[in-house]
Amino acid sequence: LAGPARQVLRDLEAAATAVQEVRELRSGQLEIATLATLAVEPVAELVGSFRTRYPGITIHLAAPEDALGVGELVRTGQCELGFGHVLMPDPDLVTIPLAIQRVLAVLPPGSQPDPGRALGLRQLAALSWVASPPGTSTRIMLDEGLATLGLAPAIAVQTLHRDAIVPLVLAGAGATLLPEALAREAGRRGAVICQTEPALSRRIAVVHRAAVLSPAAAAFL
């Protein structure tokens with residue numbers, strides 16, 4: 001039995017070393033759920049800062065379609081942290097407000113809105129839109145904003161391919177709503193950027209289960 005016993009001791013030592021590395025954040029992984037519109041800002045910057053400090057931790061980013069999907073991934077334990085906008089109240093989740101994200105209207109190149117003036121809801125209702133499907137965070141904002149006037153947006157292109165939205169706008173397919181950082185980037189590529197009246201914004205929050213977090217998740221928070 002001496003040989004097998006030595007192997008057991010070696011395995012125990014290796015397991016203890018692995019646990020210690022996880023505790024000290026020298027290795028391990030962290031699963032994060034984030035809406036696609038938050039992956040660029042603020043998640044990318046936060047992940048970059050975390051990885052600079054803890055290069056041994058691997059980050060896995062999941063991209064559910066809506067905020068309820070973010071909450072579900074965290075609630076079921078598939079992800080430890082989640083970034084979203086509108087999350088249904090859940091006694092199993094802890095919500096930490098982060099910031100208010102401004103949203104701007106992005107119009108095709110050559111559009112000529114009144115210079116220096118924000119677009120009102122009736123002007124937004126007159127536009128054709130490139131939008132994600134109903135129930136997604138930005139679409140909810142568009143639908144609810146125009147619903148206050150008893151109007152619905154004229155959807156020119158509806159797509160789940162979020163990477164295609166800006167190219168579609170630049171190609172003249174219609175306007176869209178984007179978080180300010182993404183809108184400014186589209187502006188540098190030729191799109192026309194407009195503020196809205198009333199101003200559109202949404203609250204960003206990070207959620208986690210009401211349970212003990214892993215060392216990596218605790219450090220990230």
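The values are calculated or read from the model by the stated rules, or taken from the named source; none is laboratory data. Predicted model, so just to flag it, every value in this text is computed and none were measured. Glycine gets a Cβ as well: all are built from the backbone with ideal geometry, and neighbour counts include every protein chain shown. Heads up: the accessible areas ignore ligands, DNA and RNA and are worked out on the full protein's heavy atoms, side chains in. Shrake-Rupley method; radii C 1.70, N 1.55, O 1.52, S 1.80 Å.
You will find that of LEU38, LEU46, the residue that is part of a helix (DSSP H, G or I), modelled with pLDDT of 80 or more and open to solvent by 60 Å² or more (accessible area, probe 1.4 Å) is LEU46 and no other. With respect to (1) at pLDDT below 90; (2) open to solvent by 40 Å² or more (accessible area, probe 1.4 Å); (3) closer than 30 Å to LEU30 by Cβ, the lone exception for HIS85 is condition (2).
Among residues of the stretch 73-103 being part of a strand (DSSP E or B) and of a type in the set (Val, Ile, Thr), the one that is farthest from the chain's Cα centre (by Cα) is VAL94. The residue of the stretch 104-147 that is most open to solvent (accessible area, probe 1.4 Å), among those that are part of a helix (DSSP H, G or I) and among the small types (Gly, Ala, Ser), is ALA147. Within the stretch 170-201, which residues are among the β-branched types (Val, Ile, Thr) and either over 20 Å from the mean Cα position of the chain (by Cα) or open to solvent by 30 Å² or more (accessible area, probe 1.4 Å) (or both)? Answer for the stretch 170-201, where residues must be among the β-branched types (Val, Ile, Thr) and either over 20 Å from the mean Cα position of the chain (by Cα) or open to solvent by 30 Å² or more (accessible area, probe 1.4 Å) (or both): VAL192, ILE193, THR196. Only one entry of PRO167, PRO134 meets the criterion of being over 30 Å from THR58 (Cβ atoms), within 20 Å of the chain's Cα centre (by Cα) and at pLDDT 95 or above, and that entry is PRO167.
Checked against (1) over 22 Å from ALA191 (Cα atoms); (2) open to solvent by 40 Å² or more (accessible area, probe 1.4 Å); (3) within 15 Å of the chain's Cα centre (by Cα), HIS161 passes all but condition (1). Selection within the stretch 49-70: residues that are assigned to a helix (DSSP H, G or I) and at pLDDT 90 or above. The member of this set that is most open to solvent (accessible area, probe 1.4 Å) is ARG53.
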